[in-house]
Amino acid sequence: MNTCGRICVHSTGKFVIVSNRGHQSIAIFRVAPNSGKLRQIGFFHTRGETPRHFQFDSSGQYLVVANQDTDTIAVFSFNLSSGEMKYTGNEYRVPSPNFVCCCTIQPSNVEREIIMPRHEVTIGSEVNVDDFLISSKKNPLKDSYHNKLQAELDAAREEIENLRKKLGASL
């Protein structure tokens with residue numbers, strides 16, 4: 001049986017994207033500019049089973065797919081001209097993912113001098129605090145911010161582990 005997990009319109013308004021659970025695919029349709037009629041571009045395998053949810057990054061050029069029954073999140077490049085998608089080779093093991101979200105991190109004005117201005121972070125991926133910092137010589141402000149980020153990351157990991165234990169105990 002084939003059922004829909006999610007339907008969305010690409011941020012350009014040129015494409016409608018649908019996940020097909022059962023067929024294990026993403027269907028992409030082009031929207032005709034004047035009539036709004038849909039024309040099928042193609043069906044693209046999600047590299048897993050039960051594509052529950054998917055999300056584009058802020059550029060609209062990458063599609064992140066949560067394959068619930070294979071415990072994976074797969075990343076695809078999305079061609080803004082043709083509407084076709086291709087597997088990037090990036091796949092992450094995540095227990096039963098059913099939602100993905102791409103968030104842009106915008107640092108405060110003080111922090112702009114020591115970290116890169118914008119980053120995409122995908123829920124479910126490993127985050128390395130060092131990826132957020134510009135490499136430079138010893139910098140006390142950078143070291144302080146690094147320690148703060150590391151502490152927040154450690155606290156988040158601990159909270160996730162506690163939630164997993166609670167969830168496991170309730171099953």
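The values are calculated or read from the model by the stated rules, or taken from the named source; none is laboratory data. Keep in mind the model is a prediction, meaning the values are calculated, not measured. Cβ atoms come from the backbone with ideal geometry, glycine included; neighbour counts cover every protein chain shown. Note: accessible area is taken over every heavy atom of the protein model, side chains too, but ligands, DNA and RNA are not part of it. Shrake-Rupley method; radii C 1.70, N 1.55, O 1.52, S 1.80 Å.
Under a Cβ-only charge scheme (Lys and Arg +1, Asp and Glu -1), can you give me the dipole magnitude of the range 1-93 about the Cα centre, in debye to the nearest 20? List each step's numbers first, then the result.
Values: 10 positive and 6 negative charges, 70 e Å.
The calculation lands at about 340 debye.
So how exposed is His53, as accessible area in Å² (1.4 Å probe, rounded to 10)?
In the full protein context, His53 sits at about 20 Å².
For the range 1-112, calculate the relative contact order in percent as a whole number, restricting contacts to Cα pairs under 8 Å that are 6 or more residues apart. Write out the running numbers ahead of the final one.
Details: 264 pairs, mean separation 20.4, N = 112.
Dividing the mean separation by the residue count of the range 1-112 yields 18 percent.
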